[in-house]
Every structure is written in structure tokens, then in C-alpha cells.
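Just so it is clear, none of the values below were taken in a lab; they were calculated from the coordinates. It should be emphasised that the depicted structure is a prediction, and the values quoted were computed from it without experimental measurement. In this analysis, Cβ positions are derived from the backbone assuming ideal geometry, glycine residues included, and neighbour counts consider all displayed protein chains.
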Amino acid sequence: MKIKDTLHLGHTDFPMRGSLPKTEPVREKQWADDKVYEQRLELNKNKPHFNLHDGPPYANGNIHIGHAMNKISKDIIVRYKNMTGYYAPYVPGWDTHGLPIEQQLTKAGHDRKAMAKADWRRLAHDYALKQVDMQRRDFKRLGVLGDWDHPYLTLHPEFEAAQIRVFGAMAGKGYIYRGLKPVYWSWSSESALAEAEIEYHDLESTSLFYANRVKDGKGILDRNTYLVVWTTTPFTVTASRGITLGPDFDYVLVKAANDDRKFVVAKALLEENAKRFGWQDYKVLATYKGMDLDKITVEHPWDPDVTELVMNADHVTLDAGTGLVHTAPGFGEDDYNVGMKYGIEVAMTVDEKGYLMASAGPDFQGKFYDDVAPIVIDKLKAAGLWLATEKIVHSYPFDWRTKKPIIWRAVPQWFVSIEPFRKQILDQIENVTFYPDWGKVRLYNMIKDRGDWVISRQRVWGVPLPIFYAEDKTPIVDEKLIDHVADLFAKYGSTYWFEHTAKELLPDGYTNPHSPHGEFTKEEDIMDVWFDSGSSWAGVMQQRDNLDYPADVYLEGADQFRGWFNSNIITSVAVNGIAPYKSVIAQGFVFDDKGQKMSKSLGNIISPNEIADQMGIEIIRLWVMSIDSSEDVHVSRGILKQVSESYRKIRNTMRFLLANTEDFDAKKDRVPFEKRAAVDKWMTVKLNQFVKDWHEKMQRYDFYDLFKQLINFVSTDLSAFYLDVAKDIVYIDEADSAERRSMQTVFYETAVTLTKLLTPFLPHTAEEIWENLQEPETYAYLSEAPEFQPIAEADSLLTDWQTFFDFRDQVNKELENAREKSLIGKSAEAALTVVLTKEQADTFAKLGLDLRKLLMVSQLTQSQGSETSVQVAHASGAVDPRDRLFHDDIGADQKFPMFSKKNAEIVEHDFPTLTAADLED
């Protein structure tokens, strides 16, 4: 008979390696076939509700690793809530309108301008649905459960109708208006953009210094005086209508020896500009405040029909330039505001494609705005007004989709006026909980400082602005009419707007005093897509009976403080006076391991689909758990390989627990807490504390701390101590001995508890483990999460055990010293002689500890003294092949070889926490 046949080595069908790429898709199909998501909700239907509202990803292209982090994080939360006493549905959504889809159609060879708008929209609609189907497959492959058969799409008629009603309610309160003011204009998209559609990059620009001659100096300055201005956008000089000064800044009148003219420049910038312009032996003739020069007029550099006005405003700074800012009200918000204050013309000289129009003059007409700087410089030089040209690199706004720089451009647009309800929004932000907490300050400041929201877009694929125009061009913004349009959209979809005339869209018999002949036209612009997704609280939460409004949680990337978090709270507060969310979780961006943003050009893209096929999606899910996603995070294949090592440790620990409870009947063999051995009581208390800490961290959505706690619990409390100590009991003792059953009880409870806690994070693995347990539920996800169970003696037990662990540390130090001296190899080769203090001896006796077993040495002699001491010697006798310990009663002729290469390989692949001697003959 072989020695190993006398041991209870255990067996389990739960394999060492999970073959995740093969088994995960099978398990996901099983979840779908068995309607596990629906079963869970049915179990919870009478429980309190929890609503995590899904921020809709854009329907274009396969998902990336950032999508995976986002969706897996949501799935973790929803699964956890469903297992802890809540009814927590998950309704996924998609953002399906907008420019990127139009761009894809154009790339495919379709010409928007050659097609009827309704036909173009049908192409876009079909393309969007194909993208949704593709991404849905990708998201389901992440192991995410949800109502995938009934997602919300911003192109759904019911969503569009709800959005229109939000617009109507805001219009009814006077928050919607049409105005001519500069907006972010993307010439590459031929459309206005919202602030959320802007990103900043470095841009090299031409910095131009030139002089405007005084026309009417109001008795302060004469005609031989020139105001020195500065601009970084030379093309806007074509629309310059004024010069703005800081009212409280000091300005000096300067005369240089090498120039007959006099110049005005900010005093603080005089020295650097004198050097820049080559002024020699200059003298300051007078000093003025900016307010002293208010309303002086100057000549336009080359247009004799234009007179420019000197104005005062607080936006002028002395950081660079001359302290005098050339002002074109059609090309900038600050310029526009000061221009409106002083009543000057809002001139527009650039068209929607970025080309200068006839209004710019014959020298400029038809030229691209970024190519006209040389022409401007030549005209200034011809007029003797040019002073200097420099190149500067500065942060500049770009269209986030086309990655091209934008311009500011004043064109008639539709706006949401924020000011009337700004304070309400800010007050509501104070009531929201943010994770991390700095999110509150970020969103608060963005709302506090933001201007009005431009919501019109000069595109086709989107929800049309439900506005009519009378014969005299008066806009008709009527809430009742808007509700009528909403009813049409709910029935037919928003393409109906483009298929019918204004008269057909209006209610029968509608009249308006501004249209005496009964003629009407309709708005052709569509809404900003941020108004689409920004209305999702109305289009989803208020439309579905199983969703509550406000939502408990919104979770998205930190860029959504200027996007979805922002637009949602604006519309929700505007209509209902409340924030649409009770809490907001913000996540950082995903970079590679070198800190570079992921891009195809750099070749550092990580595809979740590829990782799923190569390593398994559980590795990505564990990576999501292992990162501090409140900050920017890093990922690479190397990082994922490290995560897979953590996964292997978790999996193998669970396998060890399963294998060693193979002959344990949870109903019949369970040992109550009070009858458990001392080490098993300690492990029970540690497990219980682990459950408590787990729930506390989950309430804060702190996956990162959970991961650290999990790895520490598995590696330190379990593998490095408890399971190591356990081998001499579960392998060697009689099968049904009290000590072995006590330990198996804790093994089984630990396996069940960890499986339930891991289910939200590693659902594929958890369900695979669950099949090897004896629990009544068909799926781990249909069970309830373990709860903290107060144990009266827990604190005193942990305190007493800490006395042991302090002593163990001292012993391990001496064992290591003995190894360094080659006195012993493994701890099992050691014989200890220890002196315990009275406190230690009493504590160990009270716990009933077998120190030799817990320290995993062959022999131990103990006595009591005033100080603790430990002496190590090599154990006497020979090794018993069953327990791997030295015994004095075994003779030399009974020794067995400790290792063999074959057995070492067997053990390594089956039970990595064991040694080769476990299977030795």
C-alpha cells in the first residue's frame, strides 16, 4: 500500500487552470438561456430599489479598454446590490446621433448634400443600429448582465419624444432663446459645438503687433498718436471694430527717437515692447488710466469705412502683448460682451467652412482663415502700421471629433440660458455625494463659471429643434406646439420632421398673428447631442416602471463633469428642480504602462476582445478591481499578466478548499462555532471580519482597497498560515475526527463566503466554484451575500491570537537564522526549545494551542521564564512520510526519500500550497 493512499489528499473537479477563453462564452450563454438576470430581479421584486443609470456610450466601433473598465465597474455594483437586499435592474443605453456617424457614412461614399435629409437619416439610423448590435456583443462578452434585449437608444421614438418635452418645459420657463453671439465653431464639422465637445491641444499661431491711428482723441490724444494692439488671430483683424483696455491699468504715451509718431502701450509692458519694436531712446510723455481713454476712436488699419472704438473691460490682462486688445465681437465671447456693452457692430467675415467672405474685402475673399496672416501683414506693412510678428505656441481649443482647431464665430444659434436657475443647480450639487469627493468642487466650478449652452447644430442626424417661424421670421417657441411635436415623434420618430412641411407638422387650424397668410417654416438645425443624452433621466428613468428618479448612482469618466454629468443636472434642475442623481462616481482615463494615451498610431491599444480570447475576461475584471480608478490608470499586457498571477492565487486557494471538503457533508458534518478548535475559531472570526470590511468598502465603491484586502486575506491569513497549518490535520487525521471536521467546516464556510463575495467581480469563476459546492441555489448570483455575524468573544480572541502571532514572528526570525547557518532547511526539520513569559503561557493555554503544530516544527520543548527566548536545533530521529515530520521512534532503516522530480511536478500542478512530500510513497 502506498503512503499517499493513507492520506486524505482530497479531490475536486474544479481545475487548476480555468481555460477561461473557452469556458466563459459557454457560461455566458448559459446565463442568457436560463435568464439569470431576470431570475435575480424576480427574487428581489419586493425589495428596496437601487438604480444605477447607464451613461450611454457612443455607438461607433468596437469597445476599448476604457469601455470595459466602465461597464465592468457598473456590473460589479449592480450585482453586489442585487445580492445585498436591493432590486437593482440595469438598463444599458447608447448615444446614437451626431457627427461621427455622419462622417462614417461620408467615408463609405455617401454624399449628404446630394441626398434628401430623410434618406440620409435613414442611412444613419441603420448604421447606428449595427454599431449598437456590435457593441452589445462586446459588452455581454465582458460578463455584464442587464436588460440587453430592451436597451435605451437616443434614436428611439419614445426617447426623442421625452427629450422634446424636456425642451418644451425649459422653453415654457423662458430658458430657451435665439441669439447672435460667438460660439465654438468647427469649420471641419461645419457646426457649432458645445463646451463639452472641445478639447485643448498646443497650437502654433502667428502673434501680430500693429498700430491703429487715433481718429478722435477727445482732446487727450492727437492724430499723430497710435494705439499698439496685439492679436494671435490675424484673420479677425478683418472684423475688428474696437480696442479694449483695462480700466485700472496704467498706459503710457511714448515717443521714440527713431520714429516721428507717438504710441500708447501698457506701462507694465513698455520695456519688453520697446525692445521688440526697436524703439531707441524713447521717452514717456504722459501716463493715463485705461478709463481715461474710454471712447476715443481710431482708424481701422485698412478699411476707411470702419471706425474702431476704444473700450474698457476687465478681461484684459498684462500677462503678454501690449495691454490693448484688438476687438472683433463676432469672433470671441469677451469681445462680444464688451461690444454689446458699447453697442458696436458684430461683423462676420468667415463662413461655415472657415473661408473668408466678401465682407472681409476683395483681398481676402475665398481664402482659408488660417492662410491669411501673410496678407494681413502685407496690408499692415503697406499702411506703415506693422510693428512685429512672432510665432507662439499656446493651448488652443480643438473639435474633439475631427481633431481640428476651431474658431469662434457669431451666427444665430439657439441657447439655454443658465443664469436664471444657476443657483438651483449649485444648491443641488451640494446634495450629491461624489466619489472621489473632489468631483463636487469640479462640477460646482464648471456650473458656476459656464456660459449659456448653445444647443443648435447645423447637421442632419439628430433630434430636430421643434421650432417654427412665422412669415415675418418670428420664432414660435410654444410649449403646447412643442408637446404636439413630441406626440408626433413618439408615434413616428423624429425623421417625420424632415419628411413633412411646417404646415403639416402644425396642429390643424393653427394660426399665428405673425403669419397673416398662414405660411410657416420650420427650424432645420438639430439639437446638440449632449441635450439628447442630457435628457436621459426623462427618456429612461421616467419612462420605465422599474427605474427610480433620481438615480442612486451615475458612473462615468471624469471628462463627463463637462459632459453627461453636466448636461443631465442642467436639464433635470431646469425642469424639475432636482439633480438626476444622488451620487456620482468618476473614473480616470486609461493609459499604457508608459503613461501614454492609447492610440492606434502608437500601437498600444488593448482590445478587450483580444484579451478575452487570449487570457479570459476574468483577468480584465480582476484588473478593474485591482486599480484605483478614481485616478488615471495604466494597463498593458504585462500588467494583465501580473493580474493573472493574482487570479491564479485566488483560484488555487479556492481549489484547495474545495478539494479538502470533498468528503464533507455541509448538513451533517458541520461543527458549531463553540466546538471548533482554537485555530478554526480564529479563522472564523477573521473571515467574519473580512465580510464586514468587504461590505464597508463596497458601500464606498472602493474596489482597489477590496483587492488589496482580498489578496492579503488569501495570501497571508489563508495560504501562509491557516491552510499550511491545516495540512497535518485534513490530510492525516481520521476522516471524521472532531478536529478535521472542525477545520473542514471553516474550509467550507470560507469557500462559500468567498465565492459569494467574488461573484460581482469574477462571476465566471464564482459560478464555476459554485457548481462544486453544496448550496441550494442554482447560481451563486441567485444567493444572498454573506452578512457580518457578531461573535461575542471576537475581540478578545483576536487580541489573544495576536500574542501568538507576535511570538510566531520571533520564532520565524530564529528559524530563518538557522537556515542561513545551514542548520535546517524546512521548518519541519527544526526542534525548538522555547521559554514563554507567564502572559504568553497563560494565553496559549487559554486558547488551547498546540504550538508545535501551529509553528509547523517537528519537536518543541517549552518552559516558562521572565523573558521569551527561542533556540533552534535540527530535529532528531527520521521523517515520517505521512506527516513529513521527524520522529525519534523511526529508525534509520525506515527513512523515505523526501522529494522526487516526478512528484514535485504533480504537486506543483495540482496543489501549489503543498510540497512534493505530500505525495511521496
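Quick one: grab the alpha carbon gyration tensor of the range 225-302, order the square roots of its eigenvalues as a ≥ b ≥ c, and give me rounded if a/c is under 1.5, else prolate or oblate depending on whether a/b is larger than b/c. Can you show the working numbers first?
Numbers: a/c = 1.72, a/b = 1.27, b/c = 1.36.
The shape class here is oblate.
With a cut-off of at most 14 other beta carbons within 10 Å, and DSSP calling the residue loop, which trypsin sites (Lys or Arg not before Pro) in the range 335-391 qualify? Please list them.
Working: sites: Lys341, Lys353, Lys367, Lys379, Lys381, Lys391; in loops: Lys353, Lys367.
Taking the range 335-391 and a limit of 14 other Cβ atoms within 10 Å, the loop trypsin sites (Lys or Arg not before Pro) found are Lys353.
Given +1 on the Cβ of Lys and Arg, -1 on the Cβ of Asp and Glu, and no further charges, what dipole in debye does the chain carry about its Cα centre, rounded to the nearest 20? Could the numbers behind the result be given before it?
Working: 108 positive and 140 negative charges, 273 e Å.
Roughly 1320 debye for the chain.
Pull up all non-local amide H partners of Glu662: gap of 5 or more, or a different chain, and H-to-H distance under 5 Å with H placed in the peptide plane.
Under 5 Å from the amide H of Glu662: His11.
Just subtract the alpha-carbon distance of Gln424 and Glu820 from 0.36 nm times their residue separation and send over the number in nm, one decimal.
Additional length available on full extension: 135.5 nm.
What are the residues whose amide H is under 5 Å from the amide H of Thr154, where those residues sit 5 or more places off or on another chain and H is modelled from the backbone?
Trp94, Thr96
Roughly what would the spin-label model give for His110 and Asp628, points 7 Å off Cα along C-beta, in nm?
4.7 nm
How charged is the neighbourhood of Thr495? Take every other residue with its Cβ under 9 Å from the Cβ of Thr495, and add Lys/Arg as +1 and Asp/Glu as -1. Show your work: numbers first, answer last.
Values: positive: Lys117, Arg121, Arg122; negative: Glu499.
Combined, the nearby Lys, Arg, Asp and Glu give +2.
Explain nothing, just the number: dipole magnitude of the range 368-465 about its Cα centre with +1 on each Lys and Arg Cβ and -1 on each Asp and Glu Cβ, in debye rounded to the nearest 20.
Numbers: 15 positive and 11 negative charges, 45 e Å.
In debye, rounded to 20, the range 368-465 gives about 220.
To make sure I understand, if each residue's beta carbon is the centre and we count other beta carbons within 10 Å, what order do Glu787, Glu190, Glu820 fall in, fewest to most?
Working: Glu787 11, Glu190 15, Glu820 8.
Ranked by crowding around the Cβ, least crowded first: Glu820, Glu787, Glu190.
Out of Asn62, Pro48, His11, whose Cα points farthest toward the positive end of the dipole of the range 1-75 (charges: +1 Lys, Arg; -1 Asp, Glu; placed on Cβ)?
After comparing all options, I get His11.
Need the list of lysines near Lys675 for cross-linking: C-alpha distance under 27 angstrom, and skip anything on the same chain fewer than eight residues off.
Counting by Cα, and skipping residues close in sequence, Lys675 has these lysines nearby: Lys667, Lys686, Lys692, Lys727, Lys756, Lys838, Lys846, Lys853.
List the GluC sites (Glu not before Pro) within the range 333-387 that fall in a DSSP loop (any state other than H, G, I, E or B) and whose Cβ has at most 10 other Cβ atoms within 10 Å. Show your work: numbers first, answer last.
Details: sites: Glu333, Glu345, Glu352; in loops: Glu345, Glu352.
Answer by residue number: there is no such site.
For a quick protection proxy, order the peptides 511-517, 838-844, 487-493 by their average other-Cβ count within 10 Å, most packed first. Don't jump to the answer; show the numbers that get you there.
Working: 511-517: 12.3, 838-844: 15.3, 487-493: 17.3.
The most tightly packed comes first, giving 487-493, 838-844, 511-517.
Could you please report the charge total around Thr389, scoring K, R as +1 and D, E as -1 over all other residues with beta-carbon less than 14 angstrom from its beta-carbon? Mind dumping the intermediate values first?
On the way: positive: Arg276, Lys379, Lys381, Lys391; negative: Glu204, Asp378, Glu390.
My count for the surroundings of Thr389 gives +1.
When the Kirkwood radius is taken over all Cα pairs of the range 262-407, what Stokes-Einstein diffusion coefficient follows at 20 °C and 1.002 mPa s, in µm²/s? The partial results should precede the final answer.
Numbers: Rh = 17.6 Å.
Once the numbers are plugged in, D ends up at 122 µm²/s.
Could you give the size of the charge dipole of the range 202-396 about its Cα centre, using +1 on the Cβ of each K and R and -1 on the Cβ of each D and E, expressed in debye and rounded to the nearest 20?
Details: 20 positive and 30 negative charges, 138 e Å.
So the dipole magnitude of the range 202-396 works out to roughly 660 debye.
Between the range 221-260 and the range 718-771, what is the separation of their alpha carbon centroids in Å?
Comparing the Cα centres of the range 221-260 and the range 718-771, I get a distance of 82 Å.
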